[in-house]
């Protein structure tokens with residue numbers, strides 16, 4: 001595995017982790033973007049949507065697309081599969097693994 005793949009997988013795991021930190025396991029994409037950037041992961045709106053689409057295809061999140069003034073706002077909900085990935089209980093190809101001690 002290359003360095004770029006590791007960075008992408010880590011960013012996806014961090015996305016799941018940020019959602020998992022919420023009591024309702026739900027965030028909108030704008031707040032999620034800021035949260036992921038705050039963890040030191042480099043991303044932007046387009047990368048975030050690409051990662052969310054990737055994670056949705058692997059049943060880690062559910063995306064609800066809500067209409068808004070400038071297009072759509074995505075509401076992202078963590079699924080049980082995504083929760084297991086965050087906790088290190090399930091391996092998802094393309095998503096980093098949580099390192100446990």
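Of note, residue 96 does not satisfy the criterion of being in contact (Cβ under 8 Å) with a residue 60 or more places away in the chain, in contact with a strand residue (DSSP E or B) (Cβ under 6 Å, 6 or more places away or on another chain) and either within 26 Å of residue 2 (Cβ to Cβ) or exposed (fewer than 11 other Cβ atoms within 10 Å of the Cβ) (or both).
Before we move on, is residue 49 farther than 19 Å from residue 80 by Cβ and within 9 Å of the chain's Cα centre (by Cα)? Walk me through it before giving the result.
Working: farther than 19 Å from residue 80 by Cβ: yes; within 9 Å of the chain's Cα centre (by Cα): no.
When the stated conditions are applied, residue 49 does not pass them.
Does residue 32 satisfy the criteria of being under 12 Å from the mean Cα position of the chain (by Cα) and crowded, with 17+ Cβ neighbours inside 10 Å?
Working: under 12 Å from the mean Cα position of the chain (by Cα): yes; crowded, with 17+ Cβ neighbours inside 10 Å: yes.
Here the answer is yes, as residue 32 does meet what is asked.
Which of the residues spanning segment 1-10 are crowded, with 16+ Cβ neighbours inside 10 Å and either more than 18 Å from residue 90 (Cβ to Cβ) or in contact with a strand residue (DSSP E or B) (Cβ under 8 Å, 6 or more places away or on another chain) (or both)? Hit for segment 1-10 is 8, nothing else. The residues in segment 69-101 that are under 13 Å from residue 12 (Cα atoms) and over 14 Å from the mean Cα position of the chain (by Cα) can be counted, and the count is 1.
Read-outs throughout are calculated quantities, based only on the coordinates presented, and are distinct from any laboratory measurement. Source: prediction; values computed, not measured. When we count neighbours, we look across all protein chains shown, and the Cβ atoms used for this are built from the backbone with ideal geometry, even at glycine.
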